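The values are calculated or read from the model by the stated rules, or taken from the named source; none is laboratory data. Quantities reported herein were computed from a predicted structural model and do not represent experimental measurements. All Cβ positions, even for glycine, are placed from backbone atoms using ideal geometry, and neighbour counts span all protein chains on display.
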Amino acid sequence: MPDFPDTRWTMIARLRSADEEQRQRAFEELCQDYWQPLYTFARSLGSGPEDAGDLTQDFVLKLLQKDGHGFDNVLPERGRLRTWLRTIFRNHLSNHHRDQQTLKRGSAVTFQPLDIEALEREFAAQDASRSPDEAFDRVWMRDLLRRALQRLISKHDARGRGDFVRALEPYLTDSEGADQPALATRLGISENALRTALHRLRREYGEILRTEVAATLPDGDDVDEELRHLIAVAG
């Protein structure tokens, strides 16, 4: 697996590929990474759980269409994926008409049902005072952190150090939370070795996070500006 991910726009483009295997992989990636922000956005705008699930599924299926009923006319060559997805999903919610047969006909991908209970648990954890846009961006940031952590652990799994990284996972974003003497004793290393390991892993985690953010932005866009926005919303 390459250390740097393809741009997320590449994933969107693969949804329209004539190669069914590529379309399936892109579809699975889209579902894994973006179900929750989209579902949270629909719920924050007032849709009930079942309706939000249906709207999210319909939207993703529409992204797959290549027969003029999808979003071909609004796919940009440049732009922030976060803003683009949120904008066209908002339009989809405004213009939605329940026509499941039209949306699902001809789809070659294997469709997995939404886990509404899991989506609802995440939605219930949101601050109800946030706007739908803020709720979307907050979940977006959480999922970026999750993907960056998965890549960090996978990288160290390949080196036989994945369990060590998992043990330090709760402290990668919390410089004050670790009882370092007790943690060092549990891991069988010195406190100095623990401090060094935490410093290196936090730096590595931050670098991977930056690549994840950069993959959602057009070339030349300011990664730091995007990160500052997302950190402020997530705070």
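Here are some notes:
- Among the candidates Gly177, Gly160, Gly106, the residue that is out of contact with any Leu (no Cβ under 7 Å at 6 or more places or on another chain), exposed (fewer than 13 other Cβ atoms within 10 Å of the Cβ) and modelled with pLDDT of 90 or more is uniquely Gly160.
- The residue pairs whose first member lies in the range 28-50 and is over 15 Å from Arg138 (Cβ atoms), whose second member is surrounded by fewer than 18 Cβ atoms within 10 Å (Cβ to Cβ) and β-branched (Val, Ile, Thr), and whose beta carbons are closer than 6 Å, counting only pairs six or more residues apart or on different chains, are Pro49/Ile116.
- Criterion violated by Thr173 - all others in (1) within 27 Å of Trp35 (Cα to Cα); (2) part of a helix (DSSP H, G or I) satisfied: (2)
- Of the residues Asp143, Asp163, the single one that is closer than 30 Å to Thr10 by Cα and either under 19 Å from the mean Cα position of the chain (by Cα) or not in a loop (DSSP other than H, G, I, E, B) (or both) is Asp143.
- Answer residue from the range 180-201, given it is within 32 Å of the chain's Cα centre (by Cα) and crowded, with 17+ Cβ neighbours inside 10 Å and is nearest to Leu227 (Cα to Cα) among those: Leu201
- Per the listing Thr185, Thr173, the residue uniquely more than 30 Å from Ala52 (Cα to Cα) and in contact (Cβ under 8 Å) with a residue 24 or more places away in the chain is Thr173.
- Applying a threshold of 6 Å to beta carbon distances and a minimum spacing of six or more residues, or different chains, the list of pairs starting in the range 129-155 at a residue that is in contact (Cβ under 8 Å) with a residue 12 or more places away in the chain and ending at one that is surrounded by 15 or more Cβ atoms within 10 Å (Cβ to Cβ) and not in a helix (DSSP H, G or I) reads Pro132/Leu45; Ala135/Gln126.
- Reported count of residues in the range 79-95, each being modelled with pLDDT under 80 and under 19 Å from Phe136 (Cα atoms), is 1.
- Residue count for the range 4-25, restricted to those that are in contact with a Ser or Thr (Cβ under 7 Å, 6 or more places away or on another chain) and modelled with pLDDT of 75 or more: 2
- Number of the exception - Arg210 against (1) in a helix (DSSP H, G or I); (2) of a type in the set (Lys, Arg); (3) farther than 21 Å from Glu29 by Cβ: (3)
- Some residue of the range 131-138 being of a type in the set (A, V, I, L, M, F, W, C), in a helix (DSSP H, G or I) and surrounded by fewer than 18 Cβ atoms within 10 Å (Cβ to Cβ): no
- Failed condition for Leu217, given (1) modelled with pLDDT under 90; (2) over 26 Å from Ser131 (Cβ atoms); (3) of a type in the set (A, V, I, L, M); (4) assigned to a loop (DSSP other than H, G, I, E, B): (2)
- Reported count of residues in the range 157-203, each being closer than 16 Å to Arg146 by Cα and hydrophobic (A, V, I, L, M, F, W, C), is 5.
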